Each structure stands twice: as structure tokens, then as C-alpha cells.
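Below you'll find the structure, written out as C-alpha cells, and then a few comments.
The values are calculated or read from the model by the stated rules, or taken from the named source; none is laboratory data. These numbers come from a predicted model, not from an experiment. Cβ: placed from backbone, ideal geometry, glycine included. Neighbour counts: every protein chain shown. Areas reflect the complete protein model, heavy atoms only, side chains present, ligands, DNA and RNA absent. Shrake-Rupley method; radii C 1.70, N 1.55, O 1.52, S 1.80 Å.
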Amino acid sequence: KESAEPGLYLLSKSETLERNSGLAERLERLASAMGIIELLLNALHDEEANPELYALVRQTLSGIARADEATVPHLEFRFHLVCARLMGFELDLEQITGDVTREISDALRAIARGSDTGQPYDERTVRLVRGFFESYFAEHLPGLAGRSLKSGRVFGQL
């Protein structure tokens, strides 16, 4: 970045380090990747540095680009769990009860343990867990409060 004036930056050069072209090959991959990127765009401030989160995004998008369809939701949900921890509001999976269905809490615990890598989820479970994370992040991130992620609505209609 080169500073043109305070608060205004000019990007004069960039290069692709990793293509991840597999993200665009399947709708499920693209939907997961767009949801992750949209979450970050709404949650982070313009100049906020977070190397751990950047590494997580890079690793997750690379994994999604290469993953088979059964593994994509696992990678997406694992990203959300780790992202919450890195942003300072980690889920206490042992305390998830009551307003969260058993199906969601079981899936989250299995993801956290790493015991379901690539386990296929049915559409209902994917929809429930995505909805849970959307609500969870909206509650904890002022950038998401009062609005849902547009990419989720768009891909949900396809």
C-alpha cells in the first residue's frame, strides 16, 4: 500500500500466491468460501492485523478448494469454531444446551474433537449449524448485528 493521503490507500501491485481455483468448481465450495470471506469483511476493521486468522483463512480456503463435497461443511464449521476463539469469544461446547438443538451441539463437539473429518452432513444439519454460527457471530460482532450474511441467502436460493 502506498499512502496517497491519511486514510486513503492506493494498491499499486499484487500477485496471486495461491489460486484455489477449485473453489469455483462446485456450488457448495463457493458458498462456504463466500460465507467465510463475507464474515471477515463484516467483522474486521480495515487495518486490523491478525496473522493467526489470516493463516486460518488461507488454510481453510485451500482445504475447501481441494475437498470432496462431504468434507466442505466440516472445514467451514471448523473455521467458525477456531475463528470465534481467535476473535476472543470461543464457544464453550460443554455449556451448549437449551436453546441449541442436540443435533447442532453434537455436530459442534464432534468437529472440535476432530472426530468427524469428512463426515457427510445432511442438508438439514448443514442449514442448522450455518444458522447457529450466523446468529452466534451476529451476537458477538458489532459489524454483523442486525443483518444476515447476504451470501448465505443467495446460495440458499440456488
Original post:
Label points 7 Å out from Cα along the Cβ direction at LEU44 and ALA112: separation in nm?
Top reply: 2.5 nm
Subject >> Protection proxy ranking, peptides 35-44, 9-18, average beta carbon neighbours within 10 Å, highest first >> reply: 35-44, 9-18
Original post:
How large is log10 I(q)/I(0) at q = 0.23, 0.25, 0.27 Å⁻¹ when the Debye formula is applied to the Cα atoms of segment 28-72, each weighted equally and without solvent?
Top reply: -0.81, -0.91, -1.00
**OP:** Give me the accessible area per residue for segment 5-67, probe 1.4 Å, as a whole number in Å².
**Re:** 70 Å²
Original post:
So what are the three principal axis dimensions of segment 1-89 from its Cα atoms, in whole Å, longest to shortest?
Top reply: 48, 32, 18
